[in-house]
Every structure is written in structure tokens, then in C-alpha cells.
Amino acid sequence: MQRSAAARLRVRPFDLEMVRVGGKRRDAPTLLLLHGINPISPTAPFLDLLAEHAHLAAPSHPGFGNSPDMGDCDTIYDLVHLYRGVLDALPAEKVTLVGFSFGGWIAAEVAAAGHPKLDKLILVAPFGIKLAGREERDFPHLFNTNPAELNRRAWHDPTRCPTGSYGIGWHVAIGDAMSDEDMVTLARNWDSLCLYAWRPHMYNPQLKHWLHRIAVPALALWGASDRIVTPEYGRAYAALIPGATFSVIEAAGHHPELEQPRAFVERVSRFIGGGDGRP
Amino acid sequence: MELWNHCENPYPFVPNEVLEQAESVRASLPNKYCDPKIAAQLYDEIFDEYRLCDDIGLHIVTNEHHSGINNLWAASPVITGVVANITRKVRILSLGTLITVRPDPVRIAEEYATIDVISKGRLEIGFVKSGATEMVSGDANPMRIRDREWEAIDLIEKTLTTQDGPFSWEGKFFTHPHVNIWPRPYQQPRPDFWAATSDLPTCAELGRRGIVNTLLFGGYDRTRQAFDAYKKARHEAGLPAPGEDRFSYMAFAYVGDTDEEGLRIGQKIAWFLTVSIKSAPQFSKFQPGAVAPQMAPAAWRTGASRRPRPTNLDAEVLVGQGQMFAGNPDTVAKQIKEFRKRVGGICHIIMMTRQGLVTHAEAEASFKRAAKYVLPQLQDLPPIDADETAWEARPGKAAVQ
């Protein structure tokens, strides 16, 4: 399995950091992974499991990880055009787009806009749309909520968060075991997320009107214990995408790929292999 | 020198057990703990203090903070408008409206122009970048607020000074296709600008623009550094050296009959630092932009926020650090003169006196002593030695405590 954690992908005006993992089979499908509030760790166990079934490309959004700052390209609109450019730049003829959390919002936007290379869409606990009434939140405000509370909501079992990857509520992990380098990167990611998503907070008020434009097979994967973005929100989200499958992973919270990597990969591989992604 | 009175109109009446249990005393403390009848009494008292200041020659500073026990001035233009109407002589500084939170700088300029006319040209306009809980209360993105602040200042300045409008503005942060305020300011071309910052690059930009630089509780060394950055930037830009009227400092202050009284009542001001800044981590050290990413390890490991707070809040220690002026009138005058010398020259001293648990009567007594006995000692001071005003601080001298 070929792995490159230091690959770069040039898409004007950015030169993005990208984790690339070559699939086991040359003819395996290509998956473009759009990360959530932090880039995907090259050591995350789900990557190797997933590479059994696909070639993986996981860039860091502008301003995240070691990707350059976004300059004036600091809106979701910019990210949609950026990732349409990434689809153009990838050598594969067809690409399945996989978006996690914040990256799920971007993936939904890209899919609603459409792209000739787009083959399938997988949304993993995405943010991105407003469903509840004007006095109800669909999800907690990530910047105005105590990180300890976010951490409690983000995991099925907060006492057993996987090490080496940082999910929502990562601030509670700050301590002697965390390196200065990790802190600098996490601070940079947090700042960049804020630029894109402070207001409206983690959604585009117009997106739900255009999800019906998504014209590729779609799978919405949700952790049963996700108390950041709940499965109820996920069901309603999936219902707005024509023909989308909604599937729940047990004993997982907002980051099922980290908490239940085998179950996650099993659902994804079934879906990209032609199934519907249900267990 | 000039003396100014700044009161934040704090609300120190929430039970301690509530404050101790609250995650934050700003932004998220429910307003059921603010009794509007008590608030009305506070407004009455402080407006009376402002009338007194107008009579005795202390200028007045207003500001605004939101959603917390530290400050009931929720809208500086509203309060400043009231002050303009109840005073006749002194100057009024709004320091200021939170221009990084308000969505439309044109409205801010319009409000200030109106106040300048009402006060017949007694307004000074101050800018503060703000941050932390104010971003939460105002739902303002805490990222890039420095860039947003400068664009807001530019737009406000153009709005105040354009007399043949309308003009159009399409900037990064603000758009307004039809700017043409009525009335225009009373002072021509516009009221003087002030800004509160100790950030050295920002101080340098203030210097290049000639904006009055205010330091808040910075103490001797930090204030000296800031003022030096201001002077150096002007020098490097080929601009004339600034007068002392370009420099301002806000300190806790209490003028007592005796040194003992000054320190004893001054100690009550420490409530501002010990109680009124309690803030949840998501509203402080973990707020995006609170620290530069490379500074995050130091800030997060120690729990420090962007702005270091004094660690020892004893009034005598605060005096020693140049963060408080307290004692009898002669002592306070001596402290201020010493401060002026050690920071390389300054014209404006802003006294934060009605703060914390200091009462209305105590505040008025201090103001009367300040005006009658301190202010005269600060007039017609000899120029500071050229070495003291040079921006190239001499090693070993400026840092001496």
C-alpha cells in the first residue's frame, strides 16, 4: 500500500497539503475525503482499512494543517470552487466524495453544484443546513459552548476517545501529553474554521433548497450516539437528497470513522461496491 | 495635563454564590440578575457624577461593554448623547463603540456626528477593537478583527469628512453604496480620534495616523514600549514628533484625604479584576483569534489569556506597578508626574474611580479632590528631558521600576 503523508496538490490559488493512500487494487475507486474540524490524521486506523477498497486523497482545507492560509478566499463559496478544482485535478475519471462533519457540509455543497467526475457522495454527520425553528438550534454553537460539553456530546464514550486524532471538544486533551506542534496546528485549524463558519454558524441557509439537485447515489452515515449533530437531523438531511440512504453506526458519536473504524469502512465499502451502505 | 473620569457603570450586586457558580459573569449570565430599578439608580448616580465633573473641570470618558456585570453602558453613543446634553463645558470621549461588533460603521459615524453637534464640538471619538465575550454577545466573527477595525475607522473617517457626497464604499468587510450623513460634525474637519491598544504594530499605525494612543492599565514598561512604537513609526515615516497630547493612560485612581484613605478605597476597585472578568474558556483563551497559533501552547498550558492580568491585586502593588494612582492629593500628583516622566511624556490621565465596590459618595469625594488639589499641580509642567522622550529608550533606564 503506497502512502504519502506529505503530498501536495496544486489547485490555484492554493497548494494544499494532502494525505494520499494508494488502494490495494489498481482499478479500485478513488475517494476524495473532506475533513471535519481538523485534518485527517495519516495514522488514523480507518485509512488503512479503507485503502483495502479504494485509493484515498485527503487534502487539508486552506488554513488547516499545513495548507496555506486562505487569504481572501475565506467563505464556503470559495471552498466549493476549490474542491471542484480538486476534482478536476485528480487523475481518476470518477471520484466518490466523502465529507466528514464540517467537510460534509462542503461535500453537500459541491454535490449540489454538481461535477462531471462525481460518482457517489458519502456524508458522515455533516453540518450545513438549518432545519429547526428560529429559536431552536440544530446543533450546539461550537465556539460558544464549553469544550468539555462538546467533548461529552461528540463521542459515544468520551472516556475512550481514540488517541492521535482530535475531534470536536479536542480542547480537553490539552495537557502534558500534547505536543506544542499539535497545539499550534489545532489553534490554526480552530481559527480557520471560525473564519468560514462563525455566522451563520455551520450552515448555509440556502443549501437545503438545492440538495434536490444532487444527482449521484448518496449515503448519509451517522453515529447513533452523536449529540453534536443528532441522527434525527441526519434523517431529515438525507430525506432532502433524492434517493439517499441513511445509515446509523452503533456505539459511535460524531466521529464514527474514529470510534468505530471497522463498521464505518464496512458501510462505505458496501456502498462504493454497489450496495446501499446499510449493514 | 488633563484629567478624565471614566466609569464603566459596573453592577456589583449579583450575589456571590451566583457569581461563583456561573461559568462566566459576562456574555452568559442571565439578565434576571440585573434589577432594572437598581440599574436606574446607578444611571442617576453616575450622570450626577458627570454633572459634577462638568462643574469642576474633569473631562468624561464613556465606553460600552455588553451582557455582563462589569458594565451597564450597553451603547456608547446613547450614553455619550446623554452626557452631551447634561454637560456644557468639558470634553467627552467615547472610548468607544465596539466597531468590530457593529455591522455598519456609517451608522456609528452618523451617531457621533450627531453627538458632536449636540455637544457643540466637545466630542472625541475613540476606537476599541474589543474581543472575547463581546464577540459572543454581538455575534461578531472574532477572526480578522484588526483588519475589520481599520476598515471601519477608514469608513468612519471618510463618512465624517465627506461634505460633497454621497460616496460609495465597497470594502472587504463593509459595503455602503450611498453614504451621506446629516448632520455633519460640528468640529471641522472632524472630532479627534483616539484608540485604546498596547499592540505595538497597532500603536505604530496610530502614530502614522496621529491618533491619540491610550493604554489601559499597562504599567510603566508596557506603556513606554507602546508610546515608543508610536514615536518610532512617526520618525520612520518622516512625520513630526508627536506632542504629549497624543498619549493617554487609563489607571485605577482614588484621591483620598490621606494616603491611607486613598489606598483603602482604591482597594475596592480591585473587584474589577478579581470578579468582573471571570470568563468561560470558550469566551477567552479558546476563542478563535484570542492568541496567535504560535502562542497557543504558552497560553493554553498556563491558562493565560491574550492580555496578562496583574497577579498581585494589593492596592500598593498596583500603585508600584503604575496601574493605580492612589493616596492623598499630593501623593497622587506625584505619582502621575512620575508616570509622565517614566513613559516619556503624556497629556491625558483617565481615572477609573467609580469601579468595583466604590460608592457614589466616595467617587464624588475623589473627583472633588482631584479637580481642586491634583489637577493644578499638573499644569504648566516643564518639558521632560529630551532623553526621556526619545523613542530609543536607553537600556537600563526605562525599565527601572
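The values are calculated or read from the model by the stated rules, or taken from the named source; none is laboratory data. Everything numeric in this text was worked out from a predicted model, so none of it was measured. Heads up, the Cβs are rebuilt from the backbone with ideal geometry, glycines too, and the neighbour counts pull from every protein chain shown. Side chains are part of the model used for accessible areas, which takes the heavy atoms of the whole protein and leaves out ligands, DNA and RNA. Shrake-Rupley method; radii C 1.70, N 1.55, O 1.52, S 1.80 Å.
Structural remarks
- Residues of the range B:336-369 that are among the aliphatic types (A, V, I, L, M) and within 24 Å of B:W73 (Cα to Cα): B:I349, B:I350, B:M351, B:M352, B:L357, B:V358, B:A361, B:A363, B:A365.
- The range B:1-58 - residue that is among the basic types (K, R) and within 23 Å of B:T80 (Cβ to Cβ) and, of those, least open to solvent (accessible area, probe 1.4 Å): B:R26
- The set of residues from the range B:279-290 being open to solvent by 20 Å² or more (accessible area, probe 1.4 Å), facing chain A (nearest Cβ under 7 Å) and farther than 18 Å from A:I37 by Cα comprises just one member, B:P281.
- Number of the exception - A:A111 against (1) assigned to a loop (DSSP other than H, G, I, E, B); (2) more than 20 Å from A:D182 (Cβ to Cβ): (1)
- Subset of the range A:85-108 (residues that are part of a loop (DSSP other than H, G, I, E, B), hydrophobic (A, V, I, L, M, F, W, C) and either within 18 Å of A:P39 (Cβ to Cβ) or open to solvent by 30 Å² or more (accessible area, probe 1.4 Å) (or both)): A:L90
- Filtered by the rule that a residue be touching a Pro at 6+ places or on another chain (Cβ under 8 Å) and within 21 Å of B:V212 (Cβ to Cβ), the range B:78-120 gives B:S94, B:T97, B:I99, B:I108, B:E111, B:Y112, B:A113, B:I115, B:D116.
- Residue check for B:K368: over 15 Å from B:C53 (Cβ atoms) and surrounded by fewer than 19 Cβ atoms within 10 Å (Cβ to Cβ): no
- Among the residues of the range A:119-141, those that are of a type in the set (G, A, S) and in contact with a Gly (Cβ under 9 Å, 6 or more places away or on another chain) comprise A:A125, A:G128.
Listed here are the residues, each with its yes/no results for (1) in a loop (DSSP other than H, G, I, E, B); (2) of a type in the set (G, A, S); (3) without any contact (Cβ under 8 Å) to a residue 12 or more places away in the chain; (4) within 14 Å of another protein chain (Cβ to nearest Cβ).
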| site | (1), (2), (3), (4) |
| --- | --- |
| B:Y254 | no, no, no, no |
| B:L263 | no, no, no, no |
| B:M295 | no, no, yes, yes |
| B:G322 | yes, yes, no, no |
| B:A333 | no, yes, no, no |
| B:L357 | yes, no, no, no |
| B:A361 | no, yes, yes, no |
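- Residue check, A:T163 touching a Lys or Arg at 6+ places or on another chain (Cβ under 9 Å), open to solvent by 20 Å² or more (accessible area, probe 1.4 Å) and free of Cβ contacts under 8 Å to residues at least 12 places away in the same chain: no
- Checking B:T80 against (1) touching a Ser or Thr at 6+ places or on another chain (Cβ under 9 Å); (2) farther than 24 Å from B:A40 by Cα, the condition it does not meet: (2)
- Per-region count, the range A:232-270, residues touching a Gly at 6+ places or on another chain (Cβ under 9 Å) and open to solvent by 10 Å² or more (accessible area, probe 1.4 Å): 12
- Positions within the range B:114-123 being out of contact with any helix residue (DSSP H, G or I) (no Cβ under 6 Å at 6 or more places or on another chain) and surrounded by 24 or more Cβ atoms within 10 Å (Cβ to Cβ), in sequence order: B:D116
- Of all residues in the range B:1-43, those being outside any helix (DSSP H, G or I) and of a type outside the set (G, A, S) number 22.
- Selection count where residues are in a helix (DSSP H, G or I), under 16 Å from A:A218 (Cβ atoms) and hydrophobic (A, V, I, L, M, F, W, C), scope the range A:246-269: 1
- Members of the range A:177-202 found to be within 8 Å of chain B (Cβ to nearest Cβ), part of a helix (DSSP H, G or I) and open to solvent by 10 Å² or more (accessible area, probe 1.4 Å), listed by number: A:D180, A:V184, A:T185, A:R188, A:W190, A:D191, A:L195
- Sole exception among (1) open to solvent by 30 Å² or more (accessible area, probe 1.4 Å); (2) more than 16 Å from A:V216 (Cβ to Cβ) for A:A113, by number: (2)
- Where a residue in the range B:40-54 is β-branched (V, I, T) and its partner, wherever it lies, is surrounded by 15 or more Cβ atoms within 10 Å (Cβ to Cβ), with Cβ under 7 Å and at least six apart: B:I46/B:C7; B:I46/B:N9; B:I46/B:R354
- Only residues that are within 14 Å of chain B (Cβ to nearest Cβ) and either open to solvent by 60 Å² or more (accessible area, probe 1.4 Å) or assigned to a helix (DSSP H, G or I) (or both) were counted in the range A:135-150, giving 5.
- Summed over the range B:245-271, residues that are under 27 Å from B:E124 (Cβ atoms) and out of contact with any Pro (no Cβ under 9 Å at 6 or more places or on another chain) total 12.
- Applying the condition of being part of a loop (DSSP other than H, G, I, E, B) and in contact with a Lys or Arg (Cβ under 7 Å, 6 or more places away or on another chain) to the range A:203-227 and asking which residue is least open to solvent (accessible area, probe 1.4 Å) yields A:V216.
- Those residues of the range B:130-160 which are open to solvent by 30 Å² or more (accessible area, probe 1.4 Å), within 19 Å of the chain's Cα centre (by Cα) and away from chain A (no Cβ under 14 Å), in sequence order: B:W150
- Sole residue being open to solvent by 10 Å² or more (accessible area, probe 1.4 Å), among the hydrophobic types (A, V, I, L, M, F, W, C) and assigned to a helix (DSSP H, G or I), chosen from B:L239, B:L273: B:L273
- The set of residues from the range A:151-174 being within 13 Å of chain B (Cβ to nearest Cβ) and in contact with a helix residue (DSSP H, G or I) (Cβ under 8 Å, 6 or more places away or on another chain) comprises A:N151, A:I168, A:G169, A:W170, A:H171, A:V172, A:I174.
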